[in-house]
Structure formats: structure tokens, C-alpha cells
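To start, the structure itself, in C-alpha cells.
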Amino acid sequence: MKKTALVICPGRGTYNKAEHGYLYRHHANQTDFIQMLDSYRACQDQITISELDQSPQFSSSLHVTGDNASSLIYGCALADFQAIDQNKIDIVGVTGNSMGWYLALAASKAVSLEDGARIVNTTGKLMHDHAQGGQIVYPIVDDNWVLSPEKQRLIDSVLSKKPDDAFIDISIKLGGILIFAANTAGLSYLQKSLPKQSPYPLKLAHHGAFHSSHVGNVVPMAQQALSVDMLSTPNLPLIDGKGRIWQPQATDLDALYDYTFGTQINSLFDYSKAVEVGIKEFAPDMIIILGPGSTLGGPTAQELIKHRWQGLKNKADFKHRQSQDPYIISMNIDEQRRRVI
Amino acid sequence: MFNRADIIDEGFKRRVTALDLPEITPPLSHTQLGLSAKTLVDWFDTQIMSRQLDLMARRTKGETFYSIGSAGHEGLAAIATASRLTDMAFLHYRDAAFVIQRRKSVVGSTPLYDMALSFSASSEDPVSGGRHKVLGGADIYVPPQTSTIASHLPKAVGAAHSICLTSKTGLEHPLPSDSVILCSFGDASSNHSTAQGAINAACWAAYQNSPMPIVFICEDNDIGISVRTPRGWIEQNYKNRPSLGYIQCDGRNLLSVYAGATSAITTARNRRKPVFLHVKTVRLAGHAGADIEMRYTDMAAIEANESRDPLLVTAALLIENNILTADEILNRYNTMAARVERVAQTAFTRPKLSTAKDITAPITPPEIAFEDTPSLPSLIQHKALFAQDSTQVSRPSNMARQIGYALTDLMQHYKNAIVFGEDVARKGGVYSVTSGLLDKFGPARVMDTLLDEQTILGLAIGAAHNGFLPVPEIQFLAYLHNAEDQIRGEAATLSFFSNGQFTNPMVIRIAGLGYQRGFGGHFHNDNSINVLRDIPGLIIVCPSNGEDARRMLRTAFDLAHRERKVVIFLEPIALYMTTDLHEDGDKLWTSHYTPPQSETTLDFGIPHQHGAGKDVCILTYGNGYYLSRKAEKTLKEKHGLNLRVIDLRWLKPLNETAIVEATKACDHILIVDECRKTGSLAEELTKLLIDNGYDKPIRSVTGVDSYIPLGPAAYEVLPSVDNIINATLSLIGKGLIS
């Protein structure tokens, strides 16, 4: 009998030095797909993802910037998605974190692979060129990955005293982590005011104040560049960053467009809620996190712990479960990857 | 043959595969109704989710409970779309599809998982916390109902009436002023007197152009457990009621339901009139899991009924309109079956309620924040309110007046308070307690109702759902009894079954108890309150004099407002006009009215103690306290006994600690209880004292187990001053007076 799985698409920041070469390491056989991506990039006078993946050295300024990272991650993740053996895995739903939403659209065929590439490239470039401010990461769980009311109170207190010129909003709810979107004054205030807890508060390099009104200027640009015509009904249930389920043949494409190139850009992306809805409404046998990288594993596990899902009450429970019969499959981890391809 | 659920399941798949689908008559297209194809698919998803939940419940005995299902009634999904989220819905227990569809409109909600938790009575069920399989949720404006006998109709009417009062309060209320109330029920339960009373009340109001924006949704599946509804009965019964619109639709056809519901809701919203939406549907798989239809219906009729499965109608609509193919429909159906099974199996592993403490926790509703309590008006505002009556108010007055004055101040204090009942407005009440309120606060806050206690209490419950603080009056205690379930089964249970999400705070004034000379006989002198005493969470207050009454009424309002309690304020009619205690003209049973700005509140639960003697302690309340005070004087002056007389004031819950403390030093205890002997408060008090180690003599004087007769004979079955004196003397071993 097939195992059921919720698939999660990664966001920005998941292709780092350790993942350099991921695409060709795992997907040298997916030549058509990679070639399609490369051709598209070449037409845009952009460095191809093959070149990026195969470059002699990893470079933050080359691989992490929005215009390149987005497409590179898209290529790796969608190639991973296509590598899942659907003869043994029944994918019951797809979601993603942040930019991973665009990937989820492509995975569920709400957009074609080509249009998916166009979306991530376009939005990645728009963000690279026009997004202001930045993001700061701070945990709300303790060392055991259990929600800490004390930390939440502390954060609330810091936010209540922010200076007038500081823009700060919650950008992403990411399991046991909050990601703040802020302008320069806000970033500076958060870095100064949030108690140090290495490596936090952590400012994300090359990130704008994503998922907040501070990047609202990008919305009309995205809508000008990308039309509703590229959307079609998904072939799998899609869970967005508000926890809404978009069902095959029951999806209002105009609403999906408004969400994708409106609400999703300029307001909170609640990844925690997406995971909660995914596990509760589809009760999958496993969660598959597409590569590259496996940084979503921790936040996803923290969300599971919050709901005591699968009996998980803390980090130790999760680690034990993962060592025995992993519930979260990170395709970036070879041993886990083998279970689903 | 007995497992009709499986047969229905297989029948759907077989007939879709064979394209053996019902003809849609009259033809109706989703585009004609301005609906998209995706809406139809979305409704179908809701229908099959509801259906698969029912099928799951039938095969998981021991894991799920209360298997009464929604199969055949899934067309209600369309009414959720036709209405607004804020149109509060009081639902029939077969309306899972409505709840699923409405919850889908709340982004990020988890309707399937929540429903599975409810089926399996998990403590994580977000509706009742595992207390019952109820349909509801504060986020979707659906107060949970456990009603199986249409006892939710009066409160739905009450909520509808309250919507039109909100514009007059100047306050924020939960329901927008253009809301409509939805209230669904079955054809069989529409025969219940409660349903009849509620529909009658809605018509009564609408007939005189009082706004009544409500849609009564009768889900007519032709049968109530095993008893057939006579053919045409619902239509004939409701088609020609005064001021009640009537719309019929085919409950098996989503488009027909949507069209009918849209029309009904539009009428109710725009014209503020009640509408009866007659949804003709079918009941599939019997009344509940344990119900074997073959015992009362022949197989041919069962199969004919099953062939009318509304899911087949939806399949036909989807195929005829080229929205889905048969394969796609079956794939969706099977995918949903697997999904429901997985989610259910997960839900079964979640925790259950396991201690009485946890189970009973929401009987005490969560208190509201202190800042949400309105501040007391100033003394200047109080004086302005009583400007016309200042001379009268300055004089010593009886209990009736003190209650009236206190109510006046309280209505100024609590802008959301509304007073209503039979004769309370223009007449000012049978005993003039509410006299003058109409002039001061107007007809939106002081209302005469029709003569129906179920409606009065239903109005209170419904209005409380909409942020009002209702103060209904039950004219005589005996009149409560035909409406008692509105307190027992509805008001008192709401916080429990909604795990504190919904509350319906109110102060129910009931004029009652014996001894009054004006009206004779049982129906105006009822002396049994047992029907109220065992209701969990209910508070019963009984003042014996004017000063206590005004102060206790203020405490009662505070308990209702701040602690969200349902409070019974039991007013002894015989003491309303009483002014003297020992001699004519001594005025000892009167007091000066003190406004709330000039005296402290009376703490909840604290009894009053008169005297500090230890020879005998009399425990009593209401008229019994008045009589005991008379007796105490005689016992002291003629028999040299030193007594203490304790007025319990708060009859439920009893302040056990205070009672034990007040009595422990006394050599004897006499309980004077004017209510009937059997199941009396006297019994409860005796048990309390013995359980707490009181080992000296206890006696009681109670009412006789009788109804109160007319004339002087009435006093023969009630405690009297002489009874009390004799019982006291007997208790201490002295001779009786003649």
C-alpha cells in the first residue's frame, strides 16, 4: 500500500555552500527540465543554473542573491519533486515556505514548469532590485523546541517599545522561529534590543522585508509582469501561507492570482499554519521536504511538537523518531531521500 | 442487508460508474444562479466529506460516539454559501455539511480534523472540548446545539429580535445590524410545542411589523425515527401562516437549495420578515447507527429512498454541465474516503476528557476582562434619572419598589440590559415592580412579550448571544414549568457544550413562593423550586427584604455580566408589599433606597445573620426568614431563648463554609423551608450539616407535599410563625404553645 505524503517546497536561503552542486549530484538525468531552465535564463541574459550549480566555487554574492538563488532553488526542488516515486508515495498535498509557494504552484501544476521558472525568476529579480529593508530571525522556542511563553513576552515587550521611525512586522511564522520584516531603523532596533542568543538575532543576507507592506511596491510590478493566464487548476491540494486549501477543480483562479501576487507578497506568510493545516486535514504518513538544504526540517518539527503530532513532545522525541522511522523526509539527506525515490 | 451505510456507499459508486443518474427536473444550471463551476465542485467536496464522516462513524464503534448522521441532508452546504458568515446559525444535528462549508470560509481552519475530533469525543475538539458531538464554533457564528426536540427555536427567534435592537443601544454587538438568523430543524421536531411556540412568536412579532429577520429551515425527510410525517403536512402547516414567508426547495439538488435559500435570506434580510424554507430531503442509513429501518419500513421503500441519494443528484449536475467526468467524481469520492479515514484514525489517538474536574470546568464560564465592565454612572446621573420620582424615592419603601429602583439604576449602568416579559412595560408588572422603566428607557429596552414563557426565555438566550444582558420576568413561578427546559436544556448548558466559547448571561426575575393574599391558589403561590436547584452552574438568589433585594440584584447583574452566569432572581411575592414586621405600622420591613454610588455591593454567597444567640440557630430564606424573625421575638420574650436567624439569601450554590461556620456554635438547628418537603432545601441543608460533623439536634419545618389551595386553607400547608415556635420548643425539649 502506498504511503501518503505532504510535500513541502523550500524557500530562499536553502542553497548554500553545502548544497553547491546539488542539482547535478542528484539530477543529472533530468536533462530536459534543466535544459529548459537554462534556456530560459540564457534568454534573459542571466547566468544559467547549470553554470551556477557547476561553478568552481560557491560564492554568496553569486549564489545567494535573489536573482540567482530563486531559480537555482526552483531547479533543485522541482527536480526533487519529479524524482519522488509516485508508485510508492501518494502525494496528498503540497505547500511551501515563502518563495516555496511559487514552487508549490509548479509542483501541483497550477502553473507549468516553464511558467514556474518565469515566476521565481521574475519575482526574485524584482525583489533583488526593488525590495527594501530586510529580515531578522529570532526563536520563540526553548532549547527543547517547545514554545516559550517567556520569549514571546520578551518579543512582545521589545515590539511595544519600537521607535516611531522603525517599521517592524512579522514576515514569516516558521515553527519555533519568527522572522521579522523591518526597515533599516527597525533592523537596527531589533538587533540592538532582542537579547543575544547566538546566532540570534540573525539578519538574513540579501533578503528584503519580504511578506510585509514594506515590499508592497513590488505587488504592481509582479502583477504587471505576470498574468492570471498562466494559472490553471492544481492537480493536487495546495496549501498556502494563510492555511487556505486550493483544491483541484475547485480553485478560483482569479483569487489564486490575487493571493499569489498580492496578499502573499505584502502580508504575513504563516508557514506554521500551512503545516498545521497539512497535517490535520490530510494526516499524511510522512512529510517530504524537497531539497536543496534541509533547514526547514527544524521549524517543521517544531510545529509538529506544538501540536504533539505523532506523539512528539520535544526535540529529543523528534530526534529519536527520526533515527528510527523518520516522519520528516528531507531529500537533502541521502538516507532519507532513498526512502521516497 | 442491515448495513445500509455500505449499500449506500456502493450504490453511489455503482451508479456513477454506470452513469445511472437521476434526471434533474426542472433543469437548473449553476450559471443561471451566477455560480461558478468551481463552487459546485467545492460543494460536492463538502458533501462527500460529510458523507464519508458518517460512513466512518458507522464502522468505528467504540472509537466514535453518537452516530446520528447527516447522510441525505448534505444539500445544506449550499445554504452556508447563500448566507453570510455572520448570519448566526442555530443548527439541526444533521447539518455537518453546512458547518464544513461555512468553516471553509474561515481561512486556515481545519474542518475535517475538527469534525473527527468531535466524533471521537477528544478533549481537543475545538467545539465542545470532547463533551458532545455538537456542530458549532464561535469563529463561524454557530452556537452548538444538543437539541433533538427543537428547543433551540425560541432562542433563534430571540437572537433575530435582538438584531433589530442593537441600533438603539449605541454599543457594539457581535451580530451586524443587517444580519439574518438561520435556524434549522427536522420535519418531525417541527411538531414540538417549542417549535410551534417559536414560529408563532416570530409570526406574532412580524404581524405587528416588529422586525424578525429569521429563516426557519425545515429539513423535511418525511420521517421522525420511525413515524412518517403525513404527506403534505409541513407544506399545509406552514404555507399560510400570518406574516411568514414560505419557500420550498429540493434539498437533494444543491442548485435548488441555493436558489431557495438565497431568496429566503434576501427576504429576511431586506424585509426583516420571517421565512419558512421548506427543504425536502431524504434520510439515509436510518435515524442513527442503532436504528434498523427494516423493523418499520419495507425493503422496497428503503431502497427507493436510497436511490434518491442527493450525492447522485450532484454527480448528475457535475456531469451534465461538463464540470467533472464520472471518473473524476469517483476519484474524488474515493480520495475523500481515504483522507477521512486517515484523519479519523489520527483523531482517535488524541486525548479524551478523563476527570470530572476537567469535564465540569466550563460550567463556570470564563470571566470577561475587568475593563469590559461599564463604570458606575455618577451620583448626578443617578439623580437625573430619578428627577421625577425624587420625593417618592426618598421615602422608606417596600421590596417591590426597591427592586424597581435598583433595576432603574442598573439599566442606566448596563446599557445592554433589556427588561421584558408579560405586562412588564405599559402596565409596569403585575406588582408594579417594573413601573416607570418604559418611560425612562423606551420600548427598545423595556418590552411586553406575548404570553409564552418559552418565548420569553428564548428571547433572553438569543439576545444574550448578541451581547445583551437580558432581564426577563417570569410573572409567576408556576408559569416557569412549561418553559423550564429553556433554562435546563439550553441556557445553562451553553457554556458547557461550547467549552466556554459561548455564554448567555442573564438575570431571570421570577415572582414566586407562597403566602400572598392578593391572588390565591396554587398557580400564583407555587412553592417548588426543585426544578431549578439541580441545574449545574445556575445561580439562585432569593431576597427576603427590600434592602437585600436591591443590593443582591446588583450583585446578580455583576455575576451575569462579568462571570457570564445565568442567575435566577426569585422574588417572594408576599414580601413585595410587606412593610411591617411585628406590629402594624412598625415599618420594620421597609428601608430607604440607597443608590449604588452610596453603598458597597453585597458579596455573592454571604448569608445574613440576625442575632448571635446560641440556643437555636434558624436557617431559612425568603418568607421563612420573615416568619422566623417574628417567631424569634416571641421565643426570646416569652421563652427566654437566644436565637440567631440566618437568611441564606443565596440558595444555589449554597455557601457551605459560611453555613457551617455560622451554625457550629449553636446547640440546636431549625431549618425553616417554605417549599415542599420532598427534595427540599431543608434536606440539602441537613445533609450538609451532618456531613460536616454537626452532631446536635436538627429539625426542619417545611411546606407540606401539597399544592397550595385557595383562601385561608393555603396557610395550612405552609410553615407559620406558630409552627416555627412549636418546632423550636420541641427541639429544645420545652412544651408546645397551643
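Can you tell me which residue within the stretch B:242-257, out of those that are in a helix (DSSP H, G or I) and over 30 Å from the mean Cα position of the chain (by Cα), is surrounded by the fewest Cβ atoms within 10 Å (Cβ to Cβ)?
Of everything passing the filter in the stretch B:242-257, B:256 is surrounded by the fewest Cβ atoms within 10 Å (Cβ to Cβ).
Looking only at residues in the stretch A:48-79 that are out of contact with any Leu (no Cβ under 8 Å at 6 or more places or on another chain), without any contact (Cβ under 8 Å) to a residue 40 or more places away in the chain and assigned to a loop (DSSP other than H, G, I, E, B), which one is surrounded by the most Cβ atoms within 10 Å (Cβ to Cβ)?
Only one residue fits best here, namely A:59.
Counting only residues that are of a type in the set (Lys, Arg) and either within 14 Å of chain B (Cβ to nearest Cβ) or assigned to a loop (DSSP other than H, G, I, E, B) (or both), which one in the stretch A:286-317 is surrounded by the fewest Cβ atoms within 10 Å (Cβ to Cβ)?
A:313
Test of understanding: among A:282, A:261, which residue is touching a Gly at 6+ places or on another chain (Cβ under 7 Å), surrounded by 17 or more Cβ atoms within 10 Å (Cβ to Cβ), of a type outside the set (Gly, Ala, Ser) and within 30 Å of residue A:228 (Cα to Cα)?
It is A:282.
Determine which member of the set B:184, B:179 is in contact (Cβ under 8 Å) with a residue 40 or more places away in the chain, not in a loop (DSSP other than H, G, I, E, B) and not aliphatic (A, V, I, L, M).
Among B:184, B:179, only B:184 is in contact (Cβ under 8 Å) with a residue 40 or more places away in the chain, not in a loop (DSSP other than H, G, I, E, B) and not aliphatic (A, V, I, L, M).
Go through B:58, B:94, B:103, B:15 for me and flag whichever is over 22 Å from residue B:278 (Cα atoms) and either touching a Phe, Trp or Tyr at 6+ places or on another chain (Cβ under 8 Å) or modelled with pLDDT under 95 (or both).
B:58
I'm trying to understand the selection: among the residues of the stretch B:318-331, which are more than 9 Å from every other protein chain (Cβ to nearest Cβ) and either crowded, with 16+ Cβ neighbours inside 10 Å or in contact (Cβ under 8 Å) with a residue 60 or more places away in the chain (or both)?
Answer for the stretch B:318-331, where residues must be more than 9 Å from every other protein chain (Cβ to nearest Cβ) and either crowded, with 16+ Cβ neighbours inside 10 Å or in contact (Cβ under 8 Å) with a residue 60 or more places away in the chain (or both): B:318, B:319, B:320, B:321, B:326, B:329, B:330.
So which residues in the stretch B:16-54 are over 30 Å from residue B:113 (Cβ atoms) and either among the charged types (D, E, K, R) or in contact with a strand residue (DSSP E or B) (Cβ under 6 Å, 6 or more places away or on another chain) (or both), if there are any at all?
B:20, B:23
Return yes or no: is residue B:576 crowded, with 18+ Cβ neighbours inside 10 Å, closer than 23 Å to residue B:708 by Cα and out of contact with any strand residue (DSSP E or B) (no Cβ under 7 Å at 6 or more places or on another chain)?
Considered against the rule, which asks whether it is crowded, with 18+ Cβ neighbours inside 10 Å, closer than 23 Å to residue B:708 by Cα and out of contact with any strand residue (DSSP E or B) (no Cβ under 7 Å at 6 or more places or on another chain), residue B:576 comes out as yes.
Please verify whether the stretch B:295-313 includes one or more residues that are among the aliphatic types (A, V, I, L, M), over 25 Å from residue B:129 (Cα atoms) and within 14 Å of chain A (Cβ to nearest Cβ).
Checked against the condition, which is being among the aliphatic types (A, V, I, L, M), over 25 Å from residue B:129 (Cα atoms) and within 14 Å of chain A (Cβ to nearest Cβ), the stretch B:295-313 yields no hits at all.
Does the stretch B:32-55 hold any residues that are away from every other protein chain (no Cβ under 12 Å) and of a type in the set (Gly, Ala, Ser), and which are they?
B:34, B:50
Going through the stretch B:507-522 one residue at a time, which ones are part of a loop (DSSP other than H, G, I, E, B), of a type outside the set (S, T, N, Q) and at negative phi?
Selection gives B:514, B:517, B:518, B:519, B:520.
Scan the stretch B:376-394 for residues that are of a type in the set (S, T, N, Q) and either on the phi > 0 side of the Ramachandran plot or part of a loop (DSSP other than H, G, I, E, B) (or both) and report the count.
Number of matching residues: 1.
Out of the residues in the stretch B:66-108 that are touching a residue at least 12 places away in the same chain (Cβ under 8 Å) and on the phi > 0 side of the Ramachandran plot, which is nearest to the chain's Cα centre (by Cα)?
Applying the filter and picking the extreme gives B:66.
Where in the stretch B:295-375 are there helices (runs of 4 or more DSSP H), lying wholly inside it, with at least 2 residues that are closer than 21 Å to residue B:30 by Cα?
Where helices (runs of 4 or more DSSP H) fall fully within the stretch B:295-375 and carry at least 2 residues being closer than 21 Å to residue B:30 by Cα, they are B:310-320, B:326-347.
For residue B:84, only one of the following conditions fails: (1) in contact with a strand residue (DSSP E or B) (Cβ under 8 Å, 6 or more places away or on another chain); (2) under 28 Å from residue A:256 (Cα atoms); (3) part of a loop (DSSP other than H, G, I, E, B). What is its number?
Result: residue B:84 fails condition (1) only.
Being surrounded by 19 or more Cβ atoms within 10 Å (Cβ to Cβ) and in a loop (DSSP other than H, G, I, E, B) is the filter here, so list the residues in the stretch B:614-653 that pass it.
The answer is B:621, B:641, B:648, B:649.
If only one of A:333, A:265, A:328, A:245 is touching a Pro at 6+ places or on another chain (Cβ under 7 Å) and not polar (S, T, N, Q), which one is it?
From the options A:333, A:265, A:328, A:245, the qualifying one is A:245.
Which of (1) modelled with pLDDT under 95; (2) more than 30 Å from residue A:166 (Cα to Cα) does residue A:249 not meet, given it meets every other one?
Unmet for residue A:249, out of (1) modelled with pLDDT under 95; (2) more than 30 Å from residue A:166 (Cα to Cα): (1).
Name every residue in the stretch A:237-285 that is in a loop (DSSP other than H, G, I, E, B), out of contact with any strand residue (DSSP E or B) (no Cβ under 8 Å at 6 or more places or on another chain) and more than 9 Å from every other protein chain (Cβ to nearest Cβ), in order of residue number.
Across the stretch A:237-285, the qualifying residue is only A:267.
How many residues are within 14 Å of chain A (Cβ to nearest Cβ), over 25 Å from residue A:305 (Cβ atoms) and among the aromatic types (Phe, Trp, Tyr) if we restrict to the stretch B:332-373?
1
Name the one entry in B:189, B:179 that is small (Gly, Ala, Ser), surrounded by 23 or more Cβ atoms within 10 Å (Cβ to Cβ) and either within 18 Å of residue B:242 (Cα to Cα) or more than 17 Å from the chain's Cα centre (by Cα) (or both).
B:179
Conditions tested, residue by residue: (1) buried (at least 24 other Cβ atoms within 10 Å of the Cβ); (2) of a type in the set (Val, Ile, Thr).
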{"site": "B:11", "(1), (2)": "no, no"}
{"site": "B:68", "(1), (2)": "no, yes"}
{"site": "B:91", "(1), (2)": "yes, no"}
{"site": "B:97", "(1), (2)": "yes, no"}
{"site": "B:100", "(1), (2)": "yes, yes"}
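Between A:339, A:321, which is assigned to a loop (DSSP other than H, G, I, E, B) and surrounded by fewer than 24 Cβ atoms within 10 Å (Cβ to Cβ)?
The unique qualifying residue is A:339.
Looking at this structure, is residue B:146 of a type in the set (S, T, N, Q), modelled with pLDDT of 95 or more and either surrounded by fewer than 24 Cβ atoms within 10 Å (Cβ to Cβ) or assigned to a helix (DSSP H, G or I) (or both)?
no
Mind checking which residues of the stretch A:112-138 are surrounded by fewer than 23 Cβ atoms within 10 Å (Cβ to Cβ) and closer than 25 Å to residue A:276 by Cβ?
Across the stretch A:112-138, the qualifying residues are A:137, A:138.
Here are A:253, A:226: which of them is surrounded by fewer than 23 Cβ atoms within 10 Å (Cβ to Cβ), closer than 11 Å to residue A:110 by Cβ and touching a residue at least 24 places away in the same chain (Cβ under 8 Å)?
Criteria check complete, one pass: A:253.
The values are calculated or read from the model by the stated rules, or taken from the named source; none is laboratory data. Quick caveat, the model's predicted, so the values are computed rather than measured. Backbone-built Cβ (ideal geometry, glycine too); neighbour counts: all protein chains shown.
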